[in-house]
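Here's the structure we're looking at; comments come further down.
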Amino acid sequence: MGFPDRIERTVELAAPPRTVWTALTTAEGLGAWFGNEATIDLRPGGLARMSWTGGFTAEMRVERVEEPAVFGFTWQIFGLPKDDPRRTYVEFTLEPVGAGTRLRVVETGFAQLPQNDYRTGYDTHVQGWARELGELAGYLDAA
């Protein structure tokens, strides 16, 4: 039996799509809700980096930019060595809903992991998206 290859979460946010887009695609926005500090070159092939207070960093490669509706990047799978070339793909899709936004995040690529690495990477990302999307909603509510 195979393992799930994707994590998918959908949240309704009170902020309009333009505001959500800015939170997802700017260094200021990413550093406020996703990490503690961020940089981003918002173009396909551009690099982004986030860091957290505890010293953890994540490097991403921007893959898709369709302003203001779709933003996608690849990044390292948590728990793998830094030099491991395997990555997952994360895509945010924004849809206007009334005065707010329906945000869908999908992360794929976990099937490339061997069974002993799978549970750590997949479970960590499942828990991480639940926490991070809550932080995004809180950041947007406070803005």
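Quick notes
- The condition of being charged (D, E, K, R), under 23 Å from V11 (Cα atoms) and in contact with a helix residue (DSSP H, G or I) (Cβ under 8 Å, 6 or more places away or on another chain) holds for only one of E67, E63, that being E67.
- Scanning region 26-43 for residues that are open to solvent by less than 70 Å² (accessible area, probe 1.4 Å), among the β-branched types (V, I, T) and in a strand (DSSP E or B) yields a single hit, I40.
- Filter pass, A23 being outside any strand (DSSP E or B), in contact (Cβ under 8 Å) with a residue 12 or more places away in the chain, within 17 Å of E132 (Cβ to Cβ) and within 13 Å of the chain's Cα centre (by Cα): yes
- The single condition among (1) closer than 17 Å to T88 by Cβ; (2) open to solvent by 10 Å² or more (accessible area, probe 1.4 Å); (3) out of contact with any Lys or Arg (no Cβ under 7 Å at 6 or more places or on another chain) that V70 does not meet is (3).
- The listed residues are V20, V65, V97, and the only one of them that is at pLDDT 95 or above and open to solvent by less than 10 Å² (accessible area, probe 1.4 Å) turns out to be V20.
- Within region 73-94, considering residues that are of a type in the set (A, V, I, L, M) and closer than 20 Å to D123 by Cβ, the one most open to solvent (accessible area, probe 1.4 Å): L80
The values are calculated or read from the model by the stated rules, or taken from the named source; none is laboratory data. Since this is a predicted model, take the numbers as computed values, not measurements. Every residue, glycine among them, receives a Cβ derived from its backbone with ideal geometry; neighbour counts consider all protein chains shown. Just so you know, the surface numbers come from the protein's heavy atoms only, side chains and all, with ligands and any DNA or RNA stripped out. Shrake-Rupley method; radii C 1.70, N 1.55, O 1.52, S 1.80 Å.
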